[in-house]
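Report on the following structure.
The values are calculated or read from the model by the stated rules, or taken from the named source; none is laboratory data. Keep in mind it's a predicted model, so treat the numbers as computed, not measured. Glycine also receives a Cβ, built like all others from the backbone with ideal geometry; neighbour counts cover every protein chain displayed. Note: areas computed on protein heavy atoms with side chains; ligands, DNA, RNA excluded. Shrake-Rupley method; radii C 1.70, N 1.55, O 1.52, S 1.80 Å.
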Amino acid sequence: MASKPHKEEVKRLILPHQDAINALFLGAWDRWWKNPDRATSFHRTRACIVHNYLMNDAVPVMRARKGVHVVEKHETAFFIVAQRLLFRLKKGDDKGLSSNVGTQASLAFSDPDKPLSLFTDLPYVWRVDIAYVLNYLQTKIDQIVVVARDEKRILWSFQIYGSAAEGEAPPPPTVLPVSPHIPPPADSGLRIPGVDSDKKKKRDSE
């Protein structure tokens, strides 16, 4: 029986590689943003192009990292850390949940209770997605999250990039400058309602 991934252990396994993973996502998005044809492309086209950029860079980068094994299958790549954790790089929705074509391999990847037939030598390895999440306007990567799934349900997730990422200081609060209130000089001619009328009544009674 396969086991569901343990969040703290996954954090420990991802930590040495998270800066490299973040750089891969941000680099792929930057290449897309500089693409002169991006304004005329559909969102689905964009996702495919970003994924292509991502895979082309990720395979050599991750293959060069100690403790990481790269497996290329079905026009994509999977990454195994310490023979214990298998992850793939994806685009996520606003919660980090990826959308996948419903192949047998994809369905098995998302079900932690099933062994993964693609890796018969590592049948019970933990599986997680690492996904980028765009901001509301879809103009930049807002978060990069590690997501453990049980089919279409998120078991848990944590950020490795974004304002809530562990170890990343939140941005300082925005403090707007406040001009001090300076009362006008006595001879400024400024009329103050109530006060001016009281002075006039006093003069008339004298």
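Structure data summary
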read-out: ³J(HN,Hα) computed for each position of the range 63-77 - Karplus, 6.51 cos²θ - 1.76 cosθ + 1.60, integer Hz, glycine/proline x; value: 5, 7, 8, 5, x, 10, 10, 9, 10, 9, 8, 6, 6, 8, 9
read-out: Exposure rank, largest accessible area first [LEU26, LEU89; 1.4 Å]; value: LEU26, LEU89
read-out: Nitroxide proxy distance, nm - points 7 Å out along Cα→Cβ at GLN83 and VAL59; value: 2.5 nm
read-out: Amide H within-cut-off set for ASP142, under 5 Å, with H built and near neighbours excluded; value: VAL133, LEU134, ASN135
read-out: Probe 1.4 Å, protein heavy atoms only - accessible area per residue of the range 1-82 in square angstrom; value: 61 Å²
read-out: Magnitude of the charge dipole, the range 40-85, Cβ model with Lys/Arg +1 and Asp/Glu -1, debye to 20; value: 160 debye
read-out: Fraction of accessible area attributable to carbon and sulfur, the range 1-81 (%, probe 1.4 Å); value: 54 percent
read-out: Solvent-accessible area of ARG153 with every protein chain in place, 1.4 Å probe, in Å² to the nearest 10; value: 130 Å²
read-out: Added length on full extension, which subtracts the Cα-Cα distance from 0.36 nm per residue, ALA20 to TRP156; value: 46.7 nm
read-out: Within the range 1-75, GluC sites (Glu not before Pro) in DSSP loop having at most 15 other beta-carbon neighbours inside 10 Å; value: GLU75
read-out: Environment charge at TYR132 (Cβ cut-off 13 Å; Lys +1, Arg +1, Asp -1, Glu -1); value: +1
read-out: Solvent-accessible ranking of HIS69, HIS74, largest area first, probe 1.4 Å; value: HIS74, HIS69
read-out: Restraint check, LYS11/LYS90; LYS11/LYS34; LYS7/LYS114; LYS66/LYS140, Cα-Cα greater than 21 Å; value: LYS11/LYS34; LYS66/LYS140
read-out: ASP37-GLU75 FRET efficiency (beta carbon distance; Förster radius 22 Å; 0.05 resolution); value: 0.55
